[in-house]
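A short worksheet on the structure shown next.
The numbers here are math on the coordinates, done by the rules we state, and not lab data. All values reported here derive from a predicted model rather than from experimental measurement. Note that each Cβ is placed from the backbone with ideal geometry, even for glycine, and that neighbours are counted across all protein chains shown.
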Amino acid sequence: MASTSSNASGGTGPDSRSGNGASLRSARQGIPEATVARLPVYLRALISMQERGIVTVSSEELAVSAGVNSAKLRKDFSYLGSYGTRGVGYEVSFLVYQISRELGLTQDWAVAIVGIGNLGHALANYGGFASRGFRVAALFDADPALTGSVVAGVRVRHTDELEAAIRALRISIFVIATPAPAAQAVADRLVAAGITSILNFAPVVLNVPEGVDVRKVDLSIELQILAFHEQRKGGHALPQAGNVKSDGSRGASTSATAGSDTGPRAGAGSAAAPAAAHTAGRSLDASLIDTGIPS
């Protein structure tokens, strides 16, 4: 399985700014993975403040903007060696510098995208990469019809060129946006070529060796989680098997309700079991749900 490192990449050496902690310490002491996951959220909020001309910010104000509690924020910043100034707060521009450096965003990262379908095309055209230190250096697709076409100013290469392009362009991070059946084979080639950082948009779980970091982005799963919460807002619960009549109206609870030990049991020759299965199938057909996880 993929390994995840608690150390965000970034510069080392003493911090020259006084009053903001002794140093940037993650390379030496380690930052918890949960903190690393929140650093980009803090950075986004801070950049927005910087663009609005805000010079200093309190932990409470920044916590609200980032959607966390202020105690957690102060704990996270303590891993960076940044403690703010009592009565003043944090200097926005310096926090932007600290977090960017800790995340490795002060470097130029060459990124490549494999799979230039609708999603890959959209990712290639996303302007947020360049502003965050990520340069789309190469695009790849297995379709010969796409080879040589230009997307977002970058020529699409055939996937046969993967290994050679990795060496020539010094690509560090790959984005996989292929269909699910092709994703594992692509990942295997990338790992064999020395790639250790993969962002996976394909709806499949990739198996990679220890030392390779894979971040999974599955839009269908995120939508299903939202649907889960949406149907429960206002008390909208799923209908129970046996509690829904054939016309869709609710009826009295019967022995067909899952987990019930009361009432007559449905056995051989009983119509209760087929009826319950029929009504349950009418209310929710599990085969229609695409979890994004291979069976």
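Quote to one decimal, in nm, the extra length available between Ala227 and Arg170 on full extension: 0.36 nm per residue of separation minus the C-alpha distance between them.
My answer for the length gained is 16.4 nm.
Compute the length gained on full extension between Ala193 and Gln50: take 0.36 nm times their separation in residues and subtract their Cα-Cα distance, giving the result in nm to one decimal.
Extra length from Ala193 to Gln50 when fully extended: 47.5 nm.
Is segment 109-219 best put as rounded, prolate or oblate by its Cα gyration tensor, with a ≥ b ≥ c the root eigenvalues, rounded for a/c under 1.5, and otherwise prolate when a/b is larger than b/c, oblate when not? Could you put the intermediate results ahead of the total?
Details: a/c = 1.26, a/b = 1.22, b/c = 1.03.
Cα axes put segment 109-219 in the rounded bin.
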**Study point:** Centroid-to-centroid separation of segment 132-202 and segment 66-122 [C-alpha atoms, Å]
**Key:** 26 Å
Exercise for review: Going by C-beta contacts inside 10 Å, put Glu222, Glu61, Glu102, Glu210 in order with the fewest on the left.
Suggested key: Glu210, Glu222, Glu61, Glu102
Check your understanding: Looking at segment 106-211, which chymotrypsin sites (Phe, Trp or Tyr not before Pro) are in a loop (DSSP not H, G, I, E or B) and have at most 15 other Cβ atoms within 10 Å?
Key -> Tyr126
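Fewest first, what order do Ser59, Ser220 take by the number of other Cβ atoms within 10 Å?
Placing the least packed residue first, the sequence is Ser220, Ser59.
How charged is the neighbourhood of Ser58? Take every other residue with its Cβ under 14 Å from the Cβ of Ser58, and add Lys/Arg as +1 and Asp/Glu as -1.
So the environment of Ser58 carries a net charge of -1.
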